[in-house]
Amino acid sequence: MDNSARDVPATSSAPLRMRSSSTRLILAQIAAIAVIVIGLLVWPALFPQEFYLHIAILVLLSIIGSVALHLVMRTGRLSLGQAAFCGLGAYTSTFLVMKVHAPFVMGFLGAIVVPGLLALAIGPVVLRLRGVYFALITFALGEVMQLLLLDAQPLTGGADGIFGIPPPAVFLNSPVAYYYFALIVTAACIGFVYALLSSQVGRALDAIGETDNLAEAAGIAASRFRVFAFVVAASMLGIEGSLFAHYLGYISPQVFGFNASLLYVAANVVGGSTSLVGPIIGSAFLVPLPEFLRGFVQYQQILYGAVLLIVVTIAPRGLVGAITGKMRLCFSRRKDGGDE
Amino acid sequence: MASSLSLVTQIAINGLALSAEYAMIALGFTLLFGILRIVNFAHGSLFMLGAMFTYEFCTVFHLPYFEALLLGALSVAALGLLLERIAYRPFYGRELQGIIATLGLAIMLQYAAVILWGQQPLSISPTPFPAVLHIAGASLPSGQLVIIVIATFLLLAFYYFTRFTKLGLALRVVAEDPEIAQAQGIHLNVVYVATFLTSVLLAALAGGLIGQQYTLTPSMGTDALIKAFIIVILGGLGSVPGSILGSVLLGLGTSTLDTLFGGNIAEVTWFVAIIVLLAVRPSGLLGRSHG
Amino acid sequence: MLNLVRTYRLLLATTVVVGLLVAPLAQASSKTAGPPPNAPTLPIGGVGPLSGGGGAWGLAVERGLQLAIDDVNSSGGLRVGGTVYRLKEVMYDDNYTGVGGATAATRLVTADGAKFIIGSIGSPPVLGMLPITQAHHVIVLSDGFASAILRKFGTYNFRVVPTTTEFAPPMAKWLREHYPAAKTVGFISPNDEIGQILVPEIVKAYQAQGFKVVFNENYARGTTDFTPLLTRMMEQKVDIFDLNSNAPGDAGLLVKQARQVGYKNLIVQTGGPGIGQVVKIAGPLANGFISYDNFDPNDVAAKHFVAEYHAKYQGVMDSYTPYMYTAAQILFEALRRANSLNANEVVSTIDHMDGYPTMFGPVQWTGQRVYGVKHQLATSFYIAKVIDGKVHVIAKI
């Protein structure tokens, strides 16, 4: 308290103090990121049992999809049918590898291209809709895709799906190896989206998301950017589908339905939809959640629903919003030059 | 084997029954969106609870069917008032969070029902309406006639309510423009609660009515919700005449397509149809374009 | 206003926290005075759909397994290789998906150390489980209908429920013998595994007996009003309407609505069994309905099991429960006889257990010709008919 009298006069010290508290904030964020990155790299050493690797892989793959949806949401559209692209990618990759006997790389590329083409074909039409209407039409698209996967039995194996899908390469047959493979691909996807959002394209996307009406007045450009985001997202979901299929070795239509699409939405809302970190945290939270509720067997689903409701009630801006809010509180108190 | 007339009559009767069921499910859903801008993912669960409560009053408390139906619907409405505080009110105006909240609620309600009633299909037996009527060579189970009659009655009552009562008029003004409504002295909260109650009551009544004709399981709400989605897309979100039109289209359409072409084709057709419709006319057949 | 909101949030949070604390108590398993207090625990895995598409079957696994475990624990535990073990069920939901089955199996095998698993029911979760259990040499007694489940993953895996492949041909033969005037057959089935994979098997069985299939349509899962499809079926002249493997609830509605629409001929179910449900749902309209049935309710062992079930659990017993119970019985007896927990030894023991008595009759392994491995349980079955509102067993096959 007494220090304040001996300090440099307020006007020149205030900027210094403010800068130091925001510096601390940034340092804290960097430290957090470093811990996470190191943790991810040594995860298999910390938790060697296959089960923990399995969950980690599922989280990583889910992150790809949530981040993809995030890109679409940034342009002001909420899609309830993203799982359709994931399923399309999974079946494309499987088909190319198992029926056409192409190498995995071709399957992987196919999983990128085919959903992307679909998004390119329907995007211009579908993205003209806004708000709830867009949500409903994407819901319908998701249902149609699932039905098609179910009905096209000669091609897709129908209700029983396709089993015996080989891993991308022989050395990727082990969970540890696949974990690092998924980690690399997921990191690449996140990096790509981050770079995109930080670039001029990203700023344009945000502008479109913010001011729907004004952007519409600007005309064609807005819809082109939206379609671009939609196509990129579809391709990313195709990547997730391909990695999913070749990890699990078995795919069937049940997994690519409305529930899967909702998981991406939940990850964004629960994690926070304003920043890229949101869906990442959202997926990391939601995917393992049922595992913690296992002990409750029959109550598992009720608790899952309760957690969704509670999190969205007490953290309306998502977990990211809550955490950064707390962090800002922690670090801005120092600004007053002493404790309360 | 059956004559053309009796086939057409049968298709028409089946379609009418289906339309009546769908109309009741869709009405509450579109009401909630039209006035409160809420996409209620738990609408199907409330429908299911209406059915379950009716079943409970019928088979455990041995009440006559109509009393059980009424009591069941009122119980769900009471539950709805409690749920509104917890899972809806905090999210007015916050669509995204509202979706997740109602979704979480739907999951909770469904699996609570699983714990209470199990997953095996239940039925209200002995059935309260065993008779089967025969009209022009086609058959109509009396239970379905009950559904048609009550659905029509409810729709007419609702129409009367919105045209000729103060609260009903207030509802319509709020649906048009909440600010003007408030300026005119209408208490928004009263309207909101009334709307919510109406929506829940309609869903629960639909559940109890449909439950007597078919089987009941905790997952029956999911299909009801999807039907509601389809209908409001067809008819236009927030439009009551639209959801009636949508119900009739879906009901008669399903009946015709299923009877003439079999189940598979019909299902995909519906989703493709609404995709095309949305692309061409986003606000549905009768909806107004919203900003 | 703000305080009210905060209060409700707090209330909700408290309720959930309390629920989380209280729920495990409600789940406390019955500790019987059987095995010695310091007996080591042997976990027996259970995987089944407690949520999602196949929801009712998960309880069949959970409860069937638990009843078998109770039998063992209450008579002193399981003695294997000089040690007496207390058995403990570890049950996981697989959500009726492949990834759910894979996650449940991975957790059971690599985190919980389970070497034996009962379940799952339904092809998607089982196909998800098997690559993992196969790789880890974990013994699985399951019920997935896809034939690949035994053909490709048959080494440590046994199918404990007879499938359409096993009972459809004898049933079709019985029908041919008892209904010589019938010529045509019609099917209505859901558009999933049942309609796509099982119905073609039944079609083949009927055709082998000289019947002509004139109607074979699917409906979307979740449909409850079948009158449009039934109307369509009535346009054909159908002598036998077969409900194949429709779930009991759907079968009941199909019978009821078929009669209401005016269908007068024979209704049969080559699948299920769900005859009890059909009677409940269709009431007097169920009279004359004929169905495949899996045990004779007058059989002593069956009666005992049903009584045991209802003493402990509420609600309707799913028809797969006795199969899961029997599967667990077979497993525990094999462990006793093999006197070891080694997977290969136990498999070999199970292979040689033909003749071991169960409530379905003596164990009989078949499947060498069809699947390449004799890991399909064959049991005798019954044909039941609804007469005057009651179920009567009219034949044994």
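Read-outs: derived from the displayed coordinates by stated rules, not from any lab. Computed from a predicted model, the values in this text were never measured in an experiment. Note: ideal-geometry Cβ built from the backbone for every residue, glycine included; neighbour counts use all protein chains shown.
Neighbour counts of other C-beta atoms within 10 Å: give me A:THR156, C:THR103 arranged from fewest to most. Don't skip to the answer; put the middle values down first.
Numbers: A:THR156 21, C:THR103 28.
Fewest-to-most ranking of A:THR156, C:THR103: A:THR156, C:THR103.
For B:TYR92 and B:ALA157, the difference between the fully extended length at 0.36 nm per residue and the C-alpha to C-alpha distance is 20.6 nm. Of the residues C:ALA39, B:SER75, C:VAL391, the one whose Cα sits farthest towards the positive end of the charge dipole of the protein assembly as shown is B:SER75 (charges of +1 on Lys and Arg Cβ, -1 on Asp and Glu Cβ, taken about the Cα centre). Dividing the summed -39500 (n - 2.57) terms of all DSSP H runs of n ≥ 4 by the residue count of chain C sets its mean residue ellipticity at 222 nm at -13000 deg cm²/dmol. Averaging the Cα positions of each part gives two centres, and for segment A:116-173 and segment C:192-244 these lie 29 Å apart.
Net charge dipole, chain A: roughly 740 debye, given to the nearest 20, about the Cα centre with Cβ charges of +1 for Lys and Arg and -1 for Asp and Glu.
How about C:LYS374: which aspartates and glutamates have a C-alpha closer than 12 Å to its C-alpha, ignoring those fewer than 8 places off in the same chain? By straight Cα distance, C:LYS374 reaches C:ASP351, C:ASP354. Using the Cα gyration tensor of segment C:236-277, with a ≥ b ≥ c the square roots of its eigenvalues, what is the shape: rounded (a/c below 1.5), prolate (a/b larger than b/c) or oblate (neither)? The shape class here is oblate.
Local charge sum around C:PRO169 (other residues, Cβ-Cβ under 11 Å, Lys/Arg +1, Asp/Glu -1)?
Net local charge, C:PRO169 excluded: +1.
Our summary gives chain C a relative contact order of 15 percent, counting only alpha carbon pairs under 8 angstrom and 6 or more residues apart.
Is the protein assembly as shown rounded, prolate or oblate when judged by the Cα gyration tensor, a ≥ b ≥ c being the square roots of its eigenvalues, rounded requiring a/c under 1.5 and prolate requiring a/b larger than b/c? Judged from the Cα gyration tensor, the protein assembly as shown comes out oblate (a/c at least 1.5, b/c at or above a/b). Taking trypsin sites (Lys or Arg not before Pro) across segment C:223-267, the ones in a DSSP loop with at most 11 further Cβ atoms lying within 10 angstrom of their Cβ are C:LYS264. Here segment C:329-366 and segment B:154-173 have alpha carbon centers that stand 70 Å from each other. Using the Cα gyration tensor of segment B:5-122, with a ≥ b ≥ c the square roots of its eigenvalues, what is the shape: rounded (a/c below 1.5), prolate (a/b larger than b/c) or oblate (neither)? Verdict is oblate for segment B:5-122. Between B:GLU179 and A:ILE314, the simple spin-label model (points 7 angstrom out along Cα→Cβ) gives 3.7 nm. Database remark: amide H of C:MET91 closer than 5 angstrom to the amide H of C:GLY46 (H placed geometrically; neighbours at sequence offset of 5 or more, or on other chains; Pro and chain starts carry no H).
Taking all Cα pairs closer than 8 Å and separated by 6 or more residues, the relative contact order of segment C:218-332 comes to 21 percent. Remark: segment A:112-122, residue by residue, has Karplus-estimated 3J(HN,Hα) of 7, 6, 4, x, x, 5, 4, 4, 5, 6, 9 Hz, where x stands for each Gly or Pro and the curve is 6.51 cos²θ - 1.76 cosθ + 1.60 at θ = phi - 60°. Each of B:VAL149 and C:HIS352 was given a label point 7 Å from its Cα along the Cα-to-Cβ line. The distance between the two points is 7.2 nm. Spatially, segment B:222-283 and segment C:60-102 are offset by 47 Å when compared through their Cα centroids. Dimensions of segment A:27-172 from C-alpha coordinates, computed as largest minus smallest value along each principal axis and given longest first, are 45, 41, 24 Å. For the listed residue pairs C:LYS173/C:LYS385; C:LYS280/C:LYS312; C:LYS173/C:LYS212; A:LYS99/B:LYS227; C:LYS204/C:LYS237, the alpha carbons are over 25 angstrom apart in A:LYS99/B:LYS227.
Considering helices alone, the calculated mean residue ellipticity of chain B at 222 nm is -25000 deg cm²/dmol, with DSSP H runs of length four and up weighted by -39500 (n - 2.57) and normalised per residue.
Sequentially through segment B:257-265, phi angles give Karplus couplings (6.51, -1.76, 1.60; θ = phi - 60°) of 4, 4, 6, 8, 10, x, x, 4, 4 Hz, Gly and Pro residues having no value and appearing as x. In chain A, the calculated helix contribution to ellipticity at 222 nm averages -25500 deg cm²/dmol per residue, counting -39,500 (n - 2.57) for every DSSP H run with n ≥ 4. Look at B:HIS134, A:HIS70 and count the other Cβ atoms within 10 Å of each Cβ; fewest to most, that gives B:HIS134, A:HIS70. Ranked by how many other Cβ atoms sit within 10 Å of their own Cβ, fewest first, the residues B:ILE115, C:ILE267 fall in the order B:ILE115, C:ILE267.
Measuring nothing but how far apart in sequence close Cα pairs (under 8 Å, 6+ apart) lie, relative to its length, segment C:138-220 scores a relative contact order of 30 percent.
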